[in-house]
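The values are calculated or read from the model by the stated rules, or taken from the named source; none is laboratory data. What you are looking at is a predicted structure, and each value in this text was computed from that prediction instead of being measured. Methodologically, a virtual Cβ is constructed for each residue, glycine included, from the backbone with ideal geometry; neighbour enumeration extends over all protein chains shown. Each accessible area value is taken on the protein alone, full model and side chains, heavy atoms only, with ligands, DNA and RNA left out. Shrake-Rupley method; radii C 1.70, N 1.55, O 1.52, S 1.80 Å.
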Amino acid sequence: METKHNLNRLAYFVATVEAGTITGAATALGISKAVVSKQLQMLEHEVGTSLLSRNTRHMQPTDAGRAFYEDAKSALTLVNNAFERVQERDNKPRGTLRITAPVDYGIAFVAPFAARFRESFPDVNIDLQLSDDRVDIIEERYDVAFRIGWLADSSNLARKLLDFEEIAICSPDTFAKARIERPRDLSPLPFVRTKALTAVDEWTFTKEDEEDVATINVVAEVNNTLAVRAFVAECFSYTILPDFLLR
């Protein structure tokens, strides 16, 4: 069975050798003399030999103690360096940051942000994947995911970044032919659905205290909002898209 050694005892021993007394070591470490004395005794018992020669005023390392001191100090230096490297790694971002976002939002907002982030933290590599398909961020090992619409129940940590409006749009020719005066007039029109948003059977429009409902007549489904916009521009149909895509 592998023996587990107490690194704190190494620190007490090194401090005692450097201070020359238990009192000095206790002061340097901010602990009581009794604790230092007890731990030194346990250390000598653990290694099976005397490490310090004692008198009333001073303590000197034995031959075995001097050799042990050099090795113990090197070991403590390695441990301290390991902690410092981990802390530095945590304080300074590095490695690969995997990000997923919808295509249109990713182009408009996420890609420029990722570029500025990379400029600020040059040790970070960016892996940005833009897709309007819903992906499993855990299975695909994404660090950050941007989503548009209503958040589904999830154990993932989420933070709302901003609000957006959904706007019904069609081509000028469609608008002229359909003679739309109220939201309910949209009901018979062919609707092109984007798969990026949650599927619904109707849209509720609100103006002050008044509500009007349009039934959805889906004739096509497209998994990319830019393609949805292009589709609607070319045929008699309409869709609903977020405001930032229409600006």
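Taken as a whole, the stretch 234-243 holds at least one residue that is of a type in the set (Gly, Ala, Ser), in contact with a Phe, Trp or Tyr (Cβ under 9 Å, 6 or more places away or on another chain) and open to solvent by less than 100 Å² (accessible area, probe 1.4 Å).
Restricted to the stretch 1-82, the set of helices (runs of 4 or more DSSP H) holding at least 1 residues that are touching a Gly at 6+ places or on another chain (Cβ under 9 Å), surrounded by 13 or more Cβ atoms within 10 Å (Cβ to Cβ) and in contact (Cβ under 8 Å) with a residue 12 or more places away in the chain comprises 7-19. Considering 215, 225, which residue is touching a helix residue (DSSP H, G or I) at 6+ places or on another chain (Cβ under 6 Å) and hydroxyl-bearing (Ser, Thr, Tyr)? Exactly one of 215, 225 is touching a helix residue (DSSP H, G or I) at 6+ places or on another chain (Cβ under 6 Å) and hydroxyl-bearing (Ser, Thr, Tyr), namely 225. Among residues of the stretch 157-171 that are at negative phi and assigned to a loop (DSSP other than H, G, I, E, B), those with a beta-carbon under 8 Å from a residue that is open to solvent by less than 100 Å² (accessible area, probe 1.4 Å) and acidic (Asp, Glu) at least six positions away or on a different chain give the pairs 164/243; 165/243.
Annotation: residue 215 fulfils all but one of (1) more than 28 Å from the chain's Cα centre (by Cα); (2) surrounded by 14 or more Cβ atoms within 10 Å (Cβ to Cβ); (3) among the polar types (S, T, N, Q); the unmet one is (2). Going residue by residue through the stretch 50-70, is there one that turns out to be modelled with pLDDT under 85 and among the β-branched types (Val, Ile, Thr)? Yes: the stretch 50-70 contains one or more residues that are modelled with pLDDT under 85 and among the β-branched types (Val, Ile, Thr).
I'd like to verify a number: residues in the stretch 166-182 that are touching a strand residue (DSSP E or B) at 6+ places or on another chain (Cβ under 7 Å) and not aliphatic (A, V, I, L, M), how many? Adding up the residues that qualify gives 4.
When the stretch 130-155 is examined, which residues are found to be among the polar types (S, T, N, Q) and either surrounded by 12 or more Cβ atoms within 10 Å (Cβ to Cβ) or in contact with a His (Cβ under 7 Å, 6 or more places away or on another chain) (or both)? Once the filter is applied, which keeps residues that are among the polar types (S, T, N, Q) and either surrounded by 12 or more Cβ atoms within 10 Å (Cβ to Cβ) or in contact with a His (Cβ under 7 Å, 6 or more places away or on another chain) (or both), the stretch 130-155 yields only 131. From the list 98, 147, 134, the one residue that fits, being basic (Lys, Arg) and either part of a strand (DSSP E or B) or over 30 Å from residue 236 (Cα atoms) (or both), is 98. Among the residues of the stretch 113-129, those that are hydrophobic (A, V, I, L, M, F, W, C) and either open to solvent by less than 80 Å² (accessible area, probe 1.4 Å) or assigned to a loop (DSSP other than H, G, I, E, B) (or both) comprise 114, 115, 117, 121, 124, 126, 128. Only one of the listed residues (192, 200) is under 39 Å from the mean Cα position of the chain (by Cα), of a type in the set (Val, Ile, Thr) and either farther than 19 Å from residue 148 by Cβ or at pLDDT 90 or above (or both). That residue is 192.
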